[in-house]
Structures are given as structure tokens and as C-alpha cells.
Amino acid sequence: EMEGENEVKLHGMWASTYSKRVELALRVKGIPYEYIEEDLRNKSPLLLQYNSVYKKVPVLVHNGKPITESYIILEYIDETWQNGPRLLPQDPYQRAQIRFWASFIQQQLFGSFYKLISSNGEEQEKAVEEVFEKMNVLEKGMKELLPEGVPEVDGNNFGVLDILVTATFGPYKAHEEVFGLKVLDPEKYPLLFSWVQKLNEIPLVKGVLPPHDKLVALLQFIKQNDLKPSS
Amino acid sequence: MAEVKLHGALLSPFVYRVIWALKLKGVPYEFVAEDLSNKSALLLKHNPVHKKIPVLVHGGKPVCESMVILEYIEETWPQNPLMPNNPYDRALARFWIKFAEDKGVAVWKMFRSTGQELQNTMKEALEMLQTVEEHGLGEKKFFNGDNIGLVDLAFGSIVYWLQVIEDVAGVKIFESHKFPHLHAWIENFKQVPVIEEKLPNQDELLVALKLRREQLMASA
């Protein structure tokens, strides 16, 4: 690539966990970018053109070419900007394990979160059980993946799993406040809990995560109006 | 070279994706047939999270989830590349792989449903096919260009099984006048020597899936 030919834009939304993943990656890599805030009730024509299949954020636009789907964007960023910290390990087996857990978080964990917030009564009680089950699986999986415990993380040592955990659980206090449910329980999931505490201390993370009060207000609005969260 | 084993079952489209990838790369492997009604202790040990096939075990280390396995195979055995070599085209390929995973389920749901539910899943499957026809494949011979790649394997299993599932469920959605590109593509796909050699016989698959569907309906 030539110097000065690197135009990077991110179409995102300030409360979107998927959008935050990409912001974290760009900042870890030290990639300058222009951020475009999308109003999800009034999506820009550019967004609809860049992501004609799903019409969602985030979309990374690199020299005019759009890349969509947050996890795919992370891998794209890692492969394109090879200077600076690597987001993924080089070893194919380790990469496979990370991809497995990224898929688990996406399909299984988020799937169960979604059921939790969009159901009530008995169905919601079942959904709560399912969330705890999935969290259990994730905790066990991370324990096996990180037998020495959570490694040191800082602005230079920040990989894809750190990104996923930050974006998913970083704002846990806002989630607890609005939904009245302790998902990130330190007694049930000590590894995940201590990992999140470490991550939330890092200036990089503090600079990216949505402000607590603003997020609480949005989530309460969504909850009261029985809206479905969307990207 | 460390040994390669594939735990699978021969009715599974997901298992076939892995077989095709290993064959395309010329990687020798041992196939371990699993009885899905009586899963082996080894399978449960290798895939405790999902307890599903396929599982690739390389040098004793398990890799689960068919598309994760395919990327693992691509990265471990770089000969005969099945992914584009620049990051942008790879990101596009991964987009379609994810699309196949997320939206392809409509086809498996069709297999499991009847009545109104069947109509609903058919509609979902139709939308999926339309998007792929227009945006995914376009005028290309294969999703990966002149030669097949991982995206072709992802959709190959979906479409080949769809053609049989249509017969099993007594419906028709994959019509050639509606999906001219995809129809040409699946014919080309089936004629790739490695694929042709390792494609379940359609008549046998039909009989087996018919039986499976009857069992599912009876226990529902």
C-alpha cells in the first residue's frame, strides 16, 4: 500500500456491540479513521449501498471498498495492517479455536441474550436458564483456552478474544441496571469476570465503550417500548 | 505428518464439505463413522460444546464446526488454495460463507417441516437463493472465480442437498428459469473431478432422507 492512500471510514452506532468491536481493533492497530454515526431508524443511503444484503452497521470502508460483518472486519484489519499488534495468532490451530469461540459467542450466546430480552413470563425464565448455561460453556472454554488464566492485556497486547469480551461484557453494569439480572456473576464465572475487570481498566477500552448513563437510558427506552435491538 | 481423522456420518452435508476440502488438498485421512443415535465417547470428548459432526482431529487435536474446519484445512495445507489471496476478496468470501451458515438453515428447516411451517421455510430458502443468485454468484463460473473454493463448498452442500430435499418434501423452489446462474453453477460444481468422485448418490440420499423425514415426523 502507498502512504497517504489509506482512507478508512467506519459506519457505526455508538451503542452497538458490533460497532465497538471494530473501533477497538482500529485503535489497537493505531489506524486513523473517520467515524460516521448512523441513525438506525434513518439509515444513510451510503450505508444501504455498502451493505445491500443486510443493511446493518458496522461497515468498514477502506479506500472506497466496503467490508461488512464485524468479525470478518476484524480478520480483514489484521490481514491488511500487519504492523503493530496482531489480533489473531499465526498458528492455524489457535486461529481455529478463536473462530470457534467467536462463532459460539455470536450464535449461541447472543442468541440466548436475544431470547432473554424479547420474552417474558415462563418463556423468559427458560431463557434465563439458557443464558447461564451458555455462560458456563464459555467460562469453561476460556479456562481451557487460557490455562494460565487471563494474560496481561494493555493497548499493545489486545487480541480478537479481548475485543469480543470487551464489546460483549464491558458495559455489563448498564445491562444489569436495566434488565435487573446479574449475568456476569463473579462467583459463577470468575475467569470472565476478572478478565472484564482488567479490560475495563485499559484507557483504550475506556475511550471506546459507550458512556454508562447514555447506554442505560437507551436500553431502558428499548425495554419500555418493547423494541427489538437491531444493528 | 500427523494423522488426520474425520468423525462424520455420510448423510451429512456438513461432513461432505470437509471431505471435499481434504480431497481437493490431497490430504489423506481416516473416516470415523459416527452413529448419530449413539455418539461415540470420543466424539463427545472432541466436541463437548456441540456434540456434533463433523469433527476433524489432526495429530490428536480436534477442530469443530464445518466452516471453521475448512479455514483450518486451507491454512494448514496451503497447496491448491481455496480462498482468494488478497484480504479484501477473502473478506468477501467470508461474508458469503457466513451467509451460507446463517441463511442456509432454511433448507434444513424445510426438511424438518410440513404444512404452514414448510411454506414459511420455503419462502426463507427462496430469499436466500435469490440473494445468492444476484449478489453472491453473479456471472462468475464459481464463487471463487475459475476454480472452486471454500464458498463453493459451503453452497455446494446446501444446493445439492436442497435438490434432494425438494423431492423428499414434495416441493419445488430451485427452478432453473428463476436461478439460471445457480443452476449452471451447481452443474459445473458437480462435474469437478474431486466433487464428482465424492458426491452421495442422489437416489440413495433420497431414500435415506425420506426415511429420516418420516422418523422425524413420527416422533414430532
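Observations on the model:
- Anchor B:LYS23: aspartates and glutamates whose Cα lies under 13 Å away (excluding residues fewer than 8 positions away in-chain): B:GLU74, B:GLU196, B:GLU197
- Förster radius 45 Å - calculated FRET efficiency between B:LYS61 and A:LYS65, Cβ distance, rounded to 0.05: 0.80
- Shown in residue order for the range B:84-97 are the 3J(HN,Hα) couplings computed by the Karplus curve 6.51 cos²θ - 1.76 cosθ + 1.60 at θ = phi - 60°: x, 9, 10, x, 5, 5, 5, 4, 5, 4, 5, 4, 6, 5 Hz (x for Gly and Pro).
- Dividing the convex hull volume of the alpha-carbon atoms in the range B:28-166 by its residue count gives 140 Å³ per residue.
- Here the range B:1-104 is treated as a sphere whose radius is the Kirkwood value from Cα pairs; by Stokes-Einstein at 4 °C and 1.567 mPa s it diffuses with a coefficient of 90 µm²/s.
- Whole-percent pair-distance distribution, where bins are 10 Å wide, for the alpha carbons of the protein assembly as shown: 4, 19, 29, 28, 16, 4, 0
- 10 Å Cβ neighbours from other chains, averaged over peptide A:67-73: 4
- Shown for the range B:87-219: lysine pairs separated by 8 or more places, or found on different chains, whose C-alpha atoms are under 19 Å apart, numbering 15.
- Normalised radius of gyration (Cα atoms, divided by 2.2 N^0.38 Å) for chain A: 1.02.
- The Rg/Rh ratio for the range A:8-80, using Cα coordinates for both the radius of gyration and the Kirkwood hydrodynamic radius, is 0.92.
- Treating r as the C-beta distance of B:GLN79 and A:GLU125 and R0 as 51 Å, the FRET efficiency rounds to 0.45.
- Carbon + sulfur, % of accessible area of the range A:8-80 - ligands and nucleic acids excluded, 1.4 Å: 52 percent
- Using a probe of 1.4 angstrom and keeping all protein chains present, the accessible surface of chain B works out to 46 square angstrom per residue.
- Modelled this way, with points 7 Å down the Cα-to-C-beta line, the labels at B:GLU214 and B:GLU187 are 3.4 nm from one another.
- Within straight-line reach of A:LYS198, meaning a Cα separation under 12 Å, sit the following aspartates and glutamates at least 8 residues removed in sequence or on another chain: A:GLU152, A:ASP154, A:ASP162.
- Average beta carbon contacts from partner chains per residue of A:95-105, 10 Å cutoff: 5
- Shielding score for B:190-197, defined as the mean number of other chain Cβ atoms within 10 Å: 0
- Taking amide H as placed 1.01 Å from N in the peptide plane, the amide H of B:PHE31 sits under 5 Å from that of B:LEU6, each at least 5 places away or on another chain.
- Dividing the summed helix terms, -39500 (n - 2.57) for each DSSP H run of n ≥ 4, by the number of residues in the protein assembly as shown produces a 222 nm estimate of -17000 deg cm²/dmol to the nearest 500.
- Residues of type aspartates and glutamates that A:LYS43 reaches as a straight line, Cα spacing below 20 Å, ignoring anything fewer than 8 places off in the same chain: A:GLU23, A:GLU34, A:GLU69
- The percentage of C-alpha pairs in the range A:143-231 whose separation is greater than 20 Å is 40%.
- Hz values of 3J(HN,Hα) by residue in the range A:112-124 - Karplus curve (6.51, -1.76, 1.60), Gly and Pro given as x: 6, 4, 4, 4, 4, 7, 10, 10, 9, x, 5, 4, 5
- Working from the Cα coordinates of the range A:64-201, the gyration tensor eigenvalues give, after taking √(5λ), semi-axes of 27, 18, 14 Å in decreasing order.
- The modelled label-to-label distance between A:LYS214 and B:ARG112, using points 7 Å beyond Cα along the C-beta direction, is 4.1 nm.
The values are calculated or read from the model by the stated rules, or taken from the named source; none is laboratory data. Nothing here was measured: the structure is a model prediction, and the numbers come from that model. Cβ coordinates were reconstructed from backbone atoms using ideal geometry, including for glycine residues, and neighbour counts include every protein chain displayed. Just so you know, the surface numbers come from the protein's heavy atoms only, side chains and all, with ligands and any DNA or RNA stripped out. Shrake-Rupley method; radii C 1.70, N 1.55, O 1.52, S 1.80 Å.
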